[in-house]
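Presented below is the structure to which this report refers.
The values are calculated or read from the model by the stated rules, or taken from the named source; none is laboratory data. Quantities reported herein were computed from a predicted structural model and do not represent experimental measurements. Neighbour counts are summed over all protein chains in view; Cβ atoms, including those assigned to glycine, are modelled from backbone coordinates with ideal geometry. Heavy atoms of the whole protein, side chains included, go into the accessibility calculation; ligands, DNA and RNA do not. Shrake-Rupley method; radii C 1.70, N 1.55, O 1.52, S 1.80 Å.
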Amino acid sequence: MEEAAGIQKRLSVKSVPASARHQQATLSVADLPGSVGYLLDGVPYGVALPSVSVRALEVARRHAAALGITQLALPLSDDSSARQAGTLALALFRLGSGSLPSAAEQDVLLAHHPHVETAEVVIRTDGSADKQDGTLSIGYTLNGAPYAAMLPTPGHESMAEREAIRTALVHARLLGYTRYCVRSDHLFHVRRYDEDLIHPERRKSETLERLDDLVTSLGAEITFEYSATRDTDAPHRFANHARALYRLAQEHPLSRSQQVALRRVHFALRTGATQLY
């Protein structure tokens, strides 16, 4: 009888499989004024939420669930890497809002970017507009380093495209770059600034005038080139990724493209991939 009970116990233990490695992850979190930051499976994430009250742990758990992670290590609160990620997200949000980041946020921007060894920066951009609620997100790279942010005001895709260019230029200038090569898939801006095919007095929005003023101030130090953006390119993926994190923070469902961006970006960053997202 005892032997039979022992066999049954061993069988019952084996019938409960352990979580697969890809379903396990470590987690550290940090709550900041206006943003949250967390380190999920070794990858830093930040979400700027100036007008929304939410905890980093809640966002991180939703993010983990969307990635298929079912087992999280006990979170370490106020982790320095998580705090830096939250500060970076808030700094990028301020740049997208047209305001200057604080001194502490600028320090994080400088610390996050690889050391500027050349005067020229190659900028690639993409902007995205949600057709349902009009929210805008942007993605861009500075010499290959990817960045993304949600914008504070709703609008249309052309507005997102030009705000991506403007935000990237301001960011690059803060980092110390002095020559700028902008590669965009938005023909309107390439024709306006490089091919001189659109009359400069054709100004119909505040955002376009703001970008005009910035481009004019940079003079001969800025050039524009047309470059098609693929779905696997960082600017496109990261614009979708920023929206995915924003929706997770608000407990909104993700679209198929946002789910793909969430997974692609996470596993690319975790493995150190630098090309395809």
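Before moving on, here are some points about what is shown:
- Segment Q250-S227, extension gain: residue separation times 0.36 nm, minus the distance between their alpha carbons: 4.9 nm
- For the chain, carbon and sulfur atoms together expose 51% of the accessible surface, with a 1.4 angstrom probe and every protein chain in place.
- Against the chain, whose longest principal axis is taken from its Cα atoms, helix 56-66 shows a tilt of about 80°.
- Charge-dipole axis of the chain as Lys and Arg at +1 and Asp and Glu at -1 on Cβ define it, positive-most pick from Q24, L211, T229: Q24
- Rounded accessible area per residue of region 17-115, 1.4 Å, Å²: 49
- Rounded to the nearest 10 degrees, the angle from helix 256-271 to the longest Cα principal axis of the chain is 80 degrees.
- Modelled this way, with points 7 Å down the Cα-to-C-beta line, the labels at E157 and S53 are 3.8 nm from one another.
- Taking the chain and dividing mean pair separation by its residue count, relative contact order in percent (alpha carbons under 8 Å, at least six apart): 17
- Crossing angle, helix 234-249 versus the chain [Cα axis fit, 0-90 degrees, rounded to tens]: 60
- Cut-off 13 Å between beta-carbons: net charge of the residues surrounding E105, Lys and Arg +1, Asp and Glu -1: +1
- DSSP bridge orientation in the chain - percent antiparallel, rounded to nearest 5: 65
- Approximate spin-label separation S102-K131, in nm, with each point projected 7 Å along Cα-to-Cβ: 4.0
- With a cut-off of 10 Å between beta carbons, the residues surrounding A119 carry a summed charge of -2, where Lys and Arg count +1 and Asp and Glu -1.
- Pairwise centroid distance, computed over Cα atoms, of region 210-277 with region 138-195, Å: 11
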